[in-house]
Every structure is written in structure tokens, then in C-alpha cells.
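Trainee: Got a structure for you, questions after.
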Amino acid sequence: MTEQSASAAVDVAVDPMTAFTAFTDEIDCWWVRGPINFFDSARAVAMRIEPGVGGRVLEIYDEEREEALELGRITTWEPGVRLTYRSLVDDTEVDVRFESTDGGTRVRVTQALVPGGDKAFLFWPNVVHWLASWCTERDRAEPTAREIAPLSIALHYEDPAAAARWLARVFQLGSWSGIPAEGAESSWIELHHGNVAILLFPLDGDRARNETITHMPWAYVDDLDGHRAHATDAGATSISEIQQHGYRAYTAEDLEGRRWTFAQARPTMG
């Protein structure tokens, strides 16, 4: 059965009008450009919210050709108070409220299945937490996108959420997308050291080889299909075909059996 709704709130240290501006006009500055954060990660170059009722929420692919995925159409536009839009990629409505608090603003997002709908990608309650750090940094930071480096590392733990909290507390690793709270779970946890992403996953055992995978490099390449063909011809052992998860990727083994994941780079990756 499709989950009906999900909601989350984040406190930001700015007034409601500034929070609204940051959420809408500056979405491309706080949107984390990780591999799972777009519908087509290989093509995405920007995020945009057009102002006013009827404005579009867009995942931009080519500015000059005006190629984009329209995620939704705005139905309520009340600066400093409320934003709602009807999704065009699933059967949900997204409602964002900006509530004044003593320390700034509480931004509350609710994403809910519309009556008669049957498809819901309930991603906004995870995404809204990214806004907090941008609201703290925006007055002293250049308005640039949060683009990760083309090489990441995946670490596998028995309890990835607990590991994230430990790594943040002890090794002082940060996260653009937030650290799971005590008791919270997440299928994808992403820490950051500068612009290098550290991905935390559950332990992955290879039963055929009686091995447990504890870490794996992730490398982003410009031509994933060509890279896989070359690697296979040159002697790498391919573990998987190219798979699409919002991002495109495959896994292969090197000469000593260590596994690597290669993913299609976005056009904006350095």
C-alpha cells in the first residue's frame, strides 16, 4: 500500500520572508547535488522555482535549449507564509509553511497523496533539512551550488545512522543533508568533508566469496557506457550491468578483487 503522506520541519535562523526567499529563489544554492537527489542525475545542471501561482518547479537539463523536467506547478504563493505545488511526477501535493519562532523561522513541509492518487515519491521531508545550513551561510557565502567532487567513498556499517552520529561527533565530519537523529533510520546517509561525499550504507556481504564489503570507492565519469566497455575489455570483472536509480552506475572489480562503483557524472561536476 502506498504511504499516504510524510512531513518534516526544520528551524532556520532567519525571518520568514528571508526563509521563503532562500527556499524559492535560492533553491539551487542549498540543493545537495548528490547522485540520488535528481530524477535524472546524469543530465541535471540546476534546480529552479519560478515565482507566483502557475510557476513551475524545475529540474534543469539544458539552459540554452530550455530542456527541463517539470516537477510541479505552484498553486499557492504567499511570500513569507506559504507555498504549495501540485506534483507532475507523482500524485502528491507539497505544502510548505513558514512559521515565525523566537530564533527565526520553522519551515514545515508536508507531502501528501491527493485523493484518488496511487503514486507518491515522498522525498521533500528529507530534502527540507538541507535548507538550514544555507540559511546560516547565505550572508557570508558566494551563491554557488553544492556540487560534490567526482570521487566519493562508501563505507558500510552495521548501524549506518549510529556511525554517522559518531563520525560527526568524533571526527567532526559535516553533512549538507543532515545527520540522522537518535532512533532515526535512512537508506542513504551522506557525510561531507569539503565537497567530498562519504556515503554510509549497511554492511554488504558477498556470500559466494564469504566476504563482507566494508568500503568501496565511487568514481563519476563523463561517458559511463564507454567507461564500462573499456574496463571490461581491459580485464576488469563486471559485477553489474549499468543500472538506473535516478543516477546511472555499475560496479566492477579490480585486479585484486576490490569493488568500485562508477557513475555517470553530471555536466556541472568538476
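The values are calculated or read from the model by the stated rules, or taken from the named source; none is laboratory data. What you are looking at is a predicted structure, and each value in this text was computed from that prediction instead of being measured. Note: ideal-geometry Cβ built from the backbone for every residue, glycine included; neighbour counts use all protein chains shown. Side chains included, ligands, DNA and RNA excluded: accessible areas come from the protein's heavy atoms. Shrake-Rupley method; radii C 1.70, N 1.55, O 1.52, S 1.80 Å.
Trainee: Just to be sure I understand, how many residues within region 112-128 are in a loop (DSSP other than H, G, I, E, B) and not charged (D, E, K, R)?
Mentor: 8
Trainee: Let me ask you something else. Among the listed residues Thr92, Thr75, which satisfies the condition of being farther than 26 Å from Gly178 by Cα and in contact with a strand residue (DSSP E or B) (Cβ under 6 Å, 6 or more places away or on another chain)?
Mentor: Thr75
Trainee: May I pose another question? Return yes or no: is Ala164 outside any strand (DSSP E or B), closer than 23 Å to Trp124 by Cβ, touching a helix residue (DSSP H, G or I) at 6+ places or on another chain (Cβ under 9 Å) and open to solvent by less than 70 Å² (accessible area, probe 1.4 Å)? Step through it out loud before you land on a result.
Mentor: Values: outside any strand (DSSP E or B): yes; closer than 23 Å to Trp124 by Cβ: yes; touching a helix residue (DSSP H, G or I) at 6+ places or on another chain (Cβ under 9 Å): no; open to solvent by less than 70 Å² (accessible area, probe 1.4 Å): yes.
In short, no.
Trainee: Keeping to region 43-71, report how many residues are open to solvent by 20 Å² or more (accessible area, probe 1.4 Å) and touching a residue at least 40 places away in the same chain (Cβ under 8 Å).
Mentor: Going through region 43-71 one residue at a time, the tally reaches 2.
Trainee: Just checking, how many residues over region 231-250 are surrounded by 12 or more Cβ atoms within 10 Å (Cβ to Cβ) and touching a residue at least 60 places away in the same chain (Cβ under 8 Å)?
Mentor: Residues in region 231-250 being surrounded by 12 or more Cβ atoms within 10 Å (Cβ to Cβ) and touching a residue at least 60 places away in the same chain (Cβ under 8 Å): 4 in total.
Trainee: How many residues, within region 77-92, are open to solvent by 50 Å² or more (accessible area, probe 1.4 Å) and in contact with a Gly (Cβ under 8 Å, 6 or more places away or on another chain)?
Mentor: Residues that pass the stated criteria total 3.
Trainee: Please enumerate the residues belonging to region 21-35 that are part of a helix (DSSP H, G or I), open to solvent by 10 Å² or more (accessible area, probe 1.4 Å) and out of contact with any Phe, Trp or Tyr (no Cβ under 8 Å at 6 or more places or on another chain).
Mentor: Thr21, Asp28
Trainee: For region 93-111, which residues satisfy the criterion of being open to solvent by 30 Å² or more (accessible area, probe 1.4 Å) and in a strand (DSSP E or B)? Quick ask: steps written out before the conclusion?
Mentor: Step one: of region 93-111, the residues open to solvent by 30 Å² or more (accessible area, probe 1.4 Å) are 93, 97, 99-103, 106, 108, 110.
Result: Glu93, Arg97, Glu99, Ser100, Thr101, Arg106, Arg108, Thr110.
Trainee: Something else now. Just to be sure I understand, how many residues within region 129-149 are crowded, with 19+ Cβ neighbours inside 10 Å, assigned to a helix (DSSP H, G or I) and not aliphatic (A, V, I, L, M)?
Mentor: So the count comes out to 5.
Yes/no matrix, rows are residues, columns are (1) buried (at least 20 other Cβ atoms within 10 Å of the Cβ); (2) at pLDDT 95 or above:
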{"residue": "Tyr157", "(1), (2)": "no, no"}
{"residue": "Pro160", "(1), (2)": "yes, no"}
{"residue": "Phe171", "(1), (2)": "no, yes"}
{"residue": "Gly174", "(1), (2)": "no, no"}
{"residue": "Ala181", "(1), (2)": "no, no"}
{"residue": "Glu190", "(1), (2)": "yes, no"}
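Trainee: While we're here: Being without any contact (Cβ under 8 Å) to a residue 40 or more places away in the chain, open to solvent by less than 20 Å² (accessible area, probe 1.4 Å) and within 28 Å of Ala141 (Cα to Cα): is that true of Ile74 here?
Mentor: Working: without any contact (Cβ under 8 Å) to a residue 40 or more places away in the chain: yes; open to solvent by less than 20 Å² (accessible area, probe 1.4 Å): yes; within 28 Å of Ala141 (Cα to Cα): no.
It is false that Ile74 is without any contact (Cβ under 8 Å) to a residue 40 or more places away in the chain, open to solvent by less than 20 Å² (accessible area, probe 1.4 Å) and within 28 Å of Ala141 (Cα to Cα).
Trainee: Of the conditions (1) closer than 21 Å to Trp130 by Cα; (2) part of a helix (DSSP H, G or I), Ser187 satisfies every one except a single condition; which number is it?
Mentor: (2)
Residues are listed down the side, and each one gets a yes or a no for (1) open to solvent by 80 Å² or more (accessible area, probe 1.4 Å); (2) assigned to a strand (DSSP E or B):
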residue	(1), (2)
Thr212	yes, yes
Pro217	no, yes
Ala229	no, no
Ala252	no, yes
Trp260	yes, yes
Ala263	no, yes
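Trainee: Restricting attention to region 36-65, which residues are small (Gly, Ala, Ser) and part of a strand (DSSP E or B)?
Mentor: Ala46
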